[in-house]
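Inspection log for the structure reproduced underneath, given as structure tokens.
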Amino acid sequence: MPEAILIDTDTASDDAVALIMALRSEGQRVIAISTVAGNVSVQQATRNALYTTELCGASAPVYQGAEKPLARSLATAEWFHGRDGLGDHGYPPPRRSAEKQHAVEAIISLVRSNPGLLLVTLGPLTNIALAFAQAPDLVRNVGRCVIMGGAPCCEGNVTPAAEYNMWVDPEAARMVFRSGLPIELVGWQLCRGAAVLAPDDIQFIGTLGTELATFAVECNSTARKAYLTQTGEDGISLPDPVAMSIALDPSIGCESSQHHVDIETATELTRGMTVVDRLGVAANEQNRATWAGLLAGSANAKVYWAIDATRWKRALYSALR
């Protein structure tokens, strides 16, 4: 029987491509999509998730969730993805509506009824934090929790220290990393360099000749321009699809290791910073007093450091054919 996947997303342009990869996977079954405020408002994220699902000819239910972070005002990323999150191309409204049940309630119910499921998060972790705070026993039912977020080894994409998903709701992220979930962290850095869709890759996708291929490139048009402005690199950077490719096939992540990871919440300078105890220094006898209560825990996350960029792109092309 195909593996059950639950996807939590603030659906914008790269999220939409990640949804396509999951919905078209033969080895997995998307049992539901929950939406959260982040890249765009939760209402727009819900609309985008429904539209993408319909484009795939899928019927996975969509549940609308948190409208804002746990303790902060929402800061969207419309400057990067467009006002509608999909590059402002005027896509028609979806024919379906979201389910009436709130996403947090749905997550609790779905995790309880699908032991061993794969949980994939593509946005701020607000919904996940709320669900597991209400029902902490659910961690036993999650087989893997793949999180797209963080910048564990390099600069952030919203501040020098932080990646957007972690920065938007750092309190939620900290709760999730301390929850006991079997976390696999796919940081922002993995969608850069060889993983970026270069002009030749984009041209190749155009030759696939499918509606999904056209949509994948078109809805990321605004994001492509924003990425060029941000980094000086011309191409389409797809953090959420990279994370989804690893969720669907962990071997695409060719270098990883287990570490204790926590999220900074106290200062604006480092808000949302992904703090990874890569050398295990917090466990050193001389450091225990200094780090008590901060990085005192054992390894709580598998952190990916490198991917097979060729195989990741092949997985994307396969989904878009």
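Every number in this text was worked out from the coordinates using simple rules, so none of it is lab data. Here the structure is a predicted model, which is why all the values come from computation and not from measurement. Every residue, glycine among them, receives a Cβ derived from its backbone with ideal geometry; neighbour counts consider all protein chains shown.
At a glance:
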{"quantity": "Candidates A12, A299, A49, ranked by Gaussian network fluctuation over the chain, Cα under 10 Å, top entry", "calculated": "A299"}
{"quantity": "J(HN,Hα) series, the range 301-309, from Karplus relation 6.51 cos²θ - 1.76 cosθ + 1.60, nearest Hz, glycine and proline x", "calculated": "7, 8, 9, 8, 10, 7, 10, 7, 5"}
{"quantity": "Protection proxy ranking, peptides 267-274, 39-46, 254-261, average beta carbon neighbours within 10 Å, highest first", "calculated": "39-46, 267-274, 254-261"}
{"quantity": "C-alpha long axis of helix 221-231 to longest principal axis of the chain, angle in °", "calculated": "40"}
{"quantity": "Charge dipole of the chain about the Cα centre (unit charges at C-beta), most positive-ward option of A266, I33, T229", "calculated": "I33"}
{"quantity": "Whole-Å distance, taken between Cα centres, linking the range 157-188 and the range 87-141", "calculated": "17"}
{"quantity": "Charge dipole (debye, nearest 20) of the chain; +1 at Cβ of Lys and Arg, -1 at Cβ of Asp and Glu", "calculated": "500"}
{"quantity": "Antiparallel DSSP beta bridges within the chain, as percent of all bridges there, nearest 5", "calculated": "25"}
{"quantity": "J(HN,Hα) series, the range 49-54, from Karplus relation 6.51 cos²θ - 1.76 cosθ + 1.60, nearest Hz, glycine and proline x", "calculated": "5, 5, 4, 5, 4, 5"}
{"quantity": "Hits among lysines - C-alpha to C-alpha of K68 under 19 Å, sequence gap 8 or more where chains match", "calculated": "K100"}
{"quantity": "Lys/Arg +1, Asp/Glu -1 at C-beta; the chain dipole; positive extreme among V168, A301, L138", "calculated": "L138"}
{"quantity": "Chain lengthening between E211 and Q134 when straightened (0.36 nm per residue, less Cα-Cα)", "calculated": "23.6 nm"}
{"quantity": "Modelled label reach - E105, point 7 Å along Cα→Cβ, the range 9-37 residues with backbone N closer than 19 Å", "calculated": "32-37"}
{"quantity": "Mean residue ellipticity (222 nm) of the chain, computed from DSSP H runs ≥ 4 via -39,500 (n - 2.57), nearest 500", "calculated": "-10000 deg cm²/dmol"}
{"quantity": "Ranked E218, E99, criterion: other C-beta atoms within 10 Å, fewest first", "calculated": "E218, E99"}
{"quantity": "Two-site FRET efficiency, C153 against L228, from Cβ-Cβ distance with R₀ of 25 Å, rounded to 0.05", "calculated": "0.60"}
